[in-house]
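K.L.:
Please find one structure pasted underneath; my questions will follow.
The values are calculated or read from the model by the stated rules, or taken from the named source; none is laboratory data. No experiment lies behind these values; they were computed from the predicted model shown. Neighbour counts run over all protein chains shown; Cβ positions are idealised from the backbone, glycine included. The area values use the complete protein model at the heavy-atom level, side chains included, leaving out ligands, DNA and RNA. Shrake-Rupley method; radii C 1.70, N 1.55, O 1.52, S 1.80 Å.
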Amino acid sequence: MWVLMYVFSYSISPAATSDKADWRLLPHVVFQEFSNEERCRAAKSALEGSLKDAGARLRSGLEDLKAIGKGDPSHVIIAYNVECLPK
């Protein structure tokens, strides 16, 4: 038995959005069991790709805001870690 574990969080400072509140998703930890290592590693690869794409879209949107003087991608922190662990 294998377990896929991932941690994901992000934060956008108010300076990036011209909002007074800080946007924050506190770290979330998720566990998913798999019957074998191959299936776990396939899920890990898909999840990492999805998280990377989501972060790129967020930064791209902030690049658009930066172009009109409203935001800056350097104010965004996106953190994730995905691991396959034997149970």
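K.L.:
Taking region 42-61 as the search range and keeping residues that are within 22 Å of residue 12 (Cβ to Cβ) and basic (Lys, Arg), which one is nearest to the chain's Cα centre (by Cα)?
P.N.:
52
K.L.:
Further question on the same structure: Would you be able to tell me the number of residues in region 45-78 that are exposed (fewer than 13 other Cβ atoms within 10 Å of the Cβ) and either out of contact with any Ser or Thr (no Cβ under 7 Å at 6 or more places or on another chain) or assigned to a strand (DSSP E or B) (or both)?
P.N.:
Qualifying residue count, region 45-78: 16.
K.L.:
Just for region 23-35: of the residues that are out of contact with any helix residue (DSSP H, G or I) (no Cβ under 6 Å at 6 or more places or on another chain) and either part of a helix (DSSP H, G or I) or open to solvent by less than 60 Å² (accessible area, probe 1.4 Å) (or both), which one is modelled with the highest pLDDT?
P.N.:
Filtering region 23-35 for residues that are out of contact with any helix residue (DSSP H, G or I) (no Cβ under 6 Å at 6 or more places or on another chain) and either part of a helix (DSSP H, G or I) or open to solvent by less than 60 Å² (accessible area, probe 1.4 Å) (or both), the one modelled with the highest pLDDT comes out as 30.
K.L.:
Still on this structure, please answer the following. Determine if region 36-44 includes at least one residue that is part of a strand (DSSP E or B), under 30 Å from residue 1 (Cα atoms) and either open to solvent by less than 90 Å² (accessible area, probe 1.4 Å) or polar (S, T, N, Q) (or both).
P.N.:
no
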